[in-house]
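Comments concern the structure below.
The values are calculated or read from the model by the stated rules, or taken from the named source; none is laboratory data. It should be emphasised that the depicted structure is a prediction, and the values quoted were computed from it without experimental measurement. Cβ atoms come from the backbone with ideal geometry, glycine included; neighbour counts cover every protein chain shown.
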Amino acid sequence: MLMYNEIKAKLKRSLTAHRYAHTLGVADAAVQLAQRYGGNEDKAYCAGLLHDCAKGLGNEELLQTALAFGIVRDDIERACPDLLHGPVGAMLAWKEFSIDDTEILTAVALHTLGAEKMGLLAKIIYIADYIEPNRSFPGVDDLRTLAQQNLDQAVLRAMDSTITYVLQQSLPLHPQTVRARNSMLLEAALYMGEGKK
């Protein structure tokens, strides 16, 4: 694995200044969430730094890279290649940044679409991407507060927000996000049911 200063230097060269600032914000937010929820701070920082490492690629290059790696799964990803920056980023983190930690690579891969049965680090990166200090949108402060109180509920609310945005923009809704949301809802319902016993 490259040292963090080397990772940052490579990212600074490949990302816009705005995206690089976002990346640093996500890494810091991820560490704070790892501290709050007992996660591995080092892994959180690394995954936060690398979560958007593929954002420097244009849509056509993203698609071609994803096709080369064999990670295009459906027509939605072909039509909306930006959805591929997570899984492509995981491959680049492995290939170009020498990251071989499965938990880190999974968190990078899932930070946009989510997945069923997400682990702690994946949830941390998913929500850190939403609430990092450079983000400014209606409701972000409420989401930041919720993330300090209940990580799962914050992830669920972020998924709801993503789905609402996609529908309002008349964009294709990726089934992976729907499955991820349903999984979170079912886990919450199961937990609530056990808590009542």
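Is it the case that residue 110 is within 17 Å of the chain's Cα centre (by Cα), farther than 23 Å from residue 165 by Cα and crowded, with 20+ Cβ neighbours inside 10 Å? No, not satisfied.
Does the stretch 2-17 include one or more residues that are β-branched (Val, Ile, Thr), surrounded by 14 or more Cβ atoms within 10 Å (Cβ to Cβ), in contact with an Asp or Glu (Cβ under 7 Å, 6 or more places away or on another chain) and in contact (Cβ under 8 Å) with a residue 40 or more places away in the chain?
No - not one qualifying residue is present in the stretch 2-17.
From the list 21, 44, 90, exactly one residue is closer than 15 Å to residue 176 by Cβ and of a type in the set (A, V, I, L, M, F, W, C). Which is it?
Every option except 90 fails the conditions.
Here the helices (runs of 4 or more DSSP H) wholly within the stretch 45-101 that include at least 1 residues being under 12 Å from the mean Cα position of the chain (by Cα) are 85-95. A Cβ distance below 7 Å, combined with a sequence gap of six or more or placement on separate chains, defines the contacts here; from the stretch 81-92, residues that are over 12 Å from residue 58 (Cβ atoms) and touching a residue at least 40 places away in the same chain (Cβ under 8 Å) reach residues that are hydroxyl-bearing (Ser, Thr, Tyr) and outside any helix (DSSP H, G or I) in the pairs 83/112.
Could you count how many residues in the stretch 125-153 are of a type in the set (Val, Ile, Thr) and either in contact with a Lys or Arg (Cβ under 9 Å, 6 or more places away or on another chain) or in contact (Cβ under 8 Å) with a residue 24 or more places away in the chain (or both)? Residues meeting the conditions: 3. Of all residues in the stretch 154-172, those being surrounded by fewer than 15 Cβ atoms within 10 Å (Cβ to Cβ) and either among the β-branched types (Val, Ile, Thr) or touching a residue at least 12 places away in the same chain (Cβ under 8 Å) (or both) number 4. For the stretch 56-79, a residue qualifies if it is surrounded by fewer than 20 Cβ atoms within 10 Å (Cβ to Cβ) and closer than 16 Å to residue 111 by Cα, and exactly one does: 71. Residue count for the stretch 161-181 under the criterion of being among the charged types (D, E, K, R) and either within 14 Å of residue 124 (Cβ to Cβ) or modelled with pLDDT under 95 (or both): the result is 0.
Being at pLDDT 95 or above, among the aliphatic types (A, V, I, L, M) and either assigned to a helix (DSSP H, G or I) or closer than 14 Å to residue 47 by Cα (or both) is the requirement here; does residue 125 meet it? Here the answer is yes, as residue 125 does meet what is asked.
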